[in-house]
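J.: A single structure is presented below for examination.
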Amino acid sequence: MNADLLVSNAQIVTSSDTFPGHIYVKDGQIAAITREKEAGAAREIDAAGRHILPGMVDEHVHMMDPGFTDREDWTQGTMAAARGGITTVIDHHRSEPLVYTRAILEEKTEYIRSRAVVDYGQLGGIDLDNLEHLRPMWEGGALGFKGFICELHGVPDLSEGVLLNVMREAKTFGATVMLHCESDSILNKAKEKIDADGRTDYMCISDWRNPESEYVATIDAISLAELTGCTVLVAHVSQPRLLDAIHAAKERGVQIFAESCPQYFFMDTDTLKEKGPFVKFTPVLRAPEVKEGMRTYLGRGMVDTIGTDHCPFPRALKEAGVENIHDAPFGIPGVETTVRVMLTAVSEGHLSLNQWVRICCERPARLFRLFPRKGAIQVGSDADLIIVDMEREETLRNADIVSKCKWTPFDGMKVKGAPVMTILRGNVVMEDGVVCGEAGVGKPVSRVRG
């Protein structure tokens, strides 16, 4: 076999199996997987004592570039992703201009082309009046669509009437709609009281972005998915009862799925009391018992996907909220830490490595029609691989962060399990924590037919 790369002597992990073997790569794709070593290659990487997993497919990033490069840019952000073990990122529409048309989507794809260190795709944005632009964006390469059931980050609250029409349209060509679920009216009433009471303390964020608002909006999303038959992914679910509701709907045949994020398994309101603006995101951190429930449900297979919700801001903007929490923006970085944090969940017994592959790689790729090109270790798939040392112990530190913001909400957390090499289509883009991939090696992804 005339292979370009051989990754040998590893434990290969898929969503359903773990086995010893060797992976041969040719022209950026997996050419063979063998139990016995059959031939050499132009380059061999000995992964003895380590696991090989698919690179994470991160369905939920906000690079905010073009437009807000003080927060993140494509090169720095995808370098951070490579260091973190992510090989594909799906960016949302909150760049400048907002991605509401095919022309803007295609211009942004070309803008990113020379800048990315990992592969990338985009979700088109859902606006109040861009229904006629959804199919053209799909035809222009959008992997799906994103909308908010609340006003946030400068994008509008989408009413049930708007979403009903959007989902009916998306169903006609098979697109997944991803929704941020918080009820705008419930949030507004809560904020009125907080403002009337003059509250600026850290915990007022918890009372404002209350669990009831997430609950009501998620139930709305389930109902709309059931009425239309549209595939819907509920973003960053933070409550076990909502995982129950989504699971029950799936049992009825509704095409609805639950994404969650690492912070909901490793942080809670005690963290909010301590770190304030540096853990200000929404949905907010919940009570300790809710976090424990989320951990339990993780192991039961109730979480369909994990996203980073990477939305970084400069430290100075976050520090502005130390005295008045309202002065800090919502959002935290995540592409650099999510793989490590979720491997720690494996090390702590909350889920298996096979489950990790299912929720971090395979299911995101399936939902956005990238599987099996992405999110899989099988012949014909892109050779997007991470070599993981499950015995490696690290302490996450602001000083090590590659992302432009140079901080992490997980600063000081001890993790066990870390990627030691990231391979993108057969190219090593990170080795031993050092990013060696160059801007432009990342390519736009396209949907798999069928």
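J.: Could you list the GluC sites (Glu not before Pro) in segment 351-450 that lie in coil according to DSSP, counting only those with at most 14 other Cβ atoms within 10 Å of their Cβ? Intermediate values should be presented prior to the final figure.
T.: Numbers: sites: Glu362, Glu391, Glu393, Glu394, Glu431, Glu438; in loops: Glu438.
Those that pass, being in a loop and sparsely packed, are Glu438.
J.: How much length is gained on full extension from Tyr111 to Arg300, taking 0.36 nm per residue of separation minus their Cα-Cα distance?
T.: Additional length available on full extension: 63.9 nm.
J.: Loop-only check: which trypsin sites (Lys or Arg not before Pro) in segment 227-276 are DSSP coil with at most 16 other Cβ within 10 angstrom?
T.: Answer in residue order: Arg252.
J.: In whole angstrom, how far apart do the alpha carbon centroids of segment 124-185 and segment 26-85 sit?
T.: When both Cα centres are located, 30 Å separates them.
J.: Here is a follow-up. Using R₀ = 30 Å, calculate the FRET efficiency as 1/(1 + (r/R₀)^6) where r is the Cβ-Cβ separation of Met390 and Ala287; round to 0.05.
T.: 0.45
J.: Return the whole-Å distance between the Cα centroid of segment 396-450 and the Cα centroid of segment 253-272.
T.: 22
J.: Another one. Label Glu38 and Asn398 with points 7 Å out from Cα along Cα→Cβ: what is the distance between them in nm?
T.: 5.2
J.: Between 0 and 90 degrees, rounded to the nearest ten: what's the tilt of helix 184-196 against the longest Cα principal axis of the chain?
T.: 60
J.: Sticking with this structure for a sec: How high is the FRET efficiency from Ser223 to Leu128, r the C-beta distance, R0 25 Å, rounded to 0.05? It would help to have the intermediate numbers written out before the result.
T.: Details: r = 20 Å, r/R0 = 0.81.
The formula returns an efficiency of 0.80 here.
J.: Would you kindly work out the equivalent ellipsoid of segment 198-274 from its C-alpha gyration tensor and give its semi-axes, the square roots of five times the eigenvalues, largest first in whole Å?
T.: For segment 198-274, the semi-axes come out at 28, 14, 9 Å.
J.: Mind giving me the FRET efficiency for Ser352 and Asp27? R0 is 30 Å, r the Cβ-Cβ distance, nearest 0.05 is fine. Walk me through the numbers on the way to the answer.
T.: On the way: r = 32 Å, r/R0 = 1.08.
Step by step, r from the Cβ atoms, then E = 0.40.
J.: Taking Lys273 as the anchor, which lysines have their alpha carbon closer than 26 Å to its alpha carbon, excluding any fewer than eight residues away along the same chain?
T.: Lys189, Lys191, Lys193, Lys291, Lys318, Lys404, Lys406, Lys414, Lys416
J.: D for the chain, whole µm²/s, Stokes-Einstein with Kirkwood Rh over alpha-carbon pairs at 4 °C and 1.567 mPa s: what number? Could the numbers behind the result be given before it?
T.: Numbers: Rh = 21.9 Å.
For these conditions, the coefficient is 59 µm²/s.
J.: Moving on to the next point. At Asp432 and Phe19, where each label point lies 7 Å from the Cα along Cα→Cβ, what is the point-to-point distance in nanometres?
T.: Calculated label separation equals 3.3 nm.
J.: Report, largest value first, the span of the C-alpha coordinates of segment 6-70 along each principal axis, in whole Å.
T.: Dimensions of segment 6-70 along the principal axes of its Cα atoms: 50, 29, 20 Å.
Rule-based calculations on the coordinates, nothing more; no lab input. Keep in mind it's a predicted model, so treat the numbers as computed, not measured. Positions of Cβ are generated from backbone atoms using ideal geometry, with glycine treated the same way; all protein chains shown enter the neighbour counts.
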